[in-house]
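Encoded as structure tokens, the structure appears first; notes follow it.
The values are calculated or read from the model by the stated rules, or taken from the named source; none is laboratory data. Because the structure is a prediction, the values reported are computed rather than measured. Cβ sites come from the backbone with ideal geometry, for glycine too, and all protein chains shown count toward neighbours.
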Amino acid sequence: MLILILHPAEATQIVLDAPVKTVMIPINVTHTAIVTSVIHSRLRSPLLPLLDSVPTPPSTNLRNTLSSLISFFAGSYKSTFGFDQGPPLHDALTIAYVSHPELFNAQRFRVDVELHGKHTAGETVIDVWNYRTCDDSWGSTGKNCLVTQEVQVRALTYNWLVLLTRMLLG
């Protein structure tokens, strides 16, 4: 099970306590998968040459839609978070994990959600030092989450662009 932690915190803890394999892709991992201008250009039209600072027109309606979304998030991430190289891929990484888990380095940990902290409610707590005694089960008594720590960004990007091309070729 993949979880996108937004809120409420109590619901996330229920998911983490369920006796099923759960995978977390933290923001420090998703923020390494950046849609750079070169990747964005390849997304728009994979067959045209790359031109510095000249946007390649999208070659299909799907590519136009994806490009518009990426452009919107590029502007948002630049103005809000200072991302100058492009926006990170968050949700797309969940699909990437399901289809290509070998692109991720991950380790199993006990993960809980802070439910009562005045300043920390909703934050995930990963027990990297094994403070809590856990069994080998998934769920409330075990190391309940596979936490990704790294993604192979080049391979991810290549797979993403190849998949998009195959979708469009039918």
Item to check | Residue satisfying condition, being in contact with a Gly (Cβ under 7 Å, 6 or more places away or on another chain) and among the hydroxyl-bearing types (Ser, Thr, Tyr), within set SER37, SER67 | outcome: SER37
Item to check | Every residue from region 13-39 that is modelled with pLDDT under 90 and over 17 Å from the mean Cα position of the chain (by Cα) | outcome: SER37, VAL38
Checklist entry - Can you tell which of LEU93, LEU146, LEU164 is of a type outside the set (D, E, K, R), in contact (Cβ under 8 Å) with a residue 12 or more places away in the chain and more than 27 Å from ILE14 (Cβ to Cβ)? => result LEU164
Item to check | Among residues of region 60-81, those that are free of Cβ contacts under 8 Å to residues at least 60 places away in the same chain, of a type outside the set (Val, Ile, Thr) and surrounded by fewer than 19 Cβ atoms within 10 Å (Cβ to Cβ), counted | outcome: 12
Checklist entry - Do you know which of the residues in region 82-94 that are surrounded by 11 or more Cβ atoms within 10 Å (Cβ to Cβ) and modelled with pLDDT of 90 or more is farthest from VAL153 (Cα to Cα)? => result PHE83
Checklist entry - PRO101: surrounded by 12 or more Cβ atoms within 10 Å (Cβ to Cβ) and within 23 Å of VAL38 (Cα to Cα), yes or no? => result no
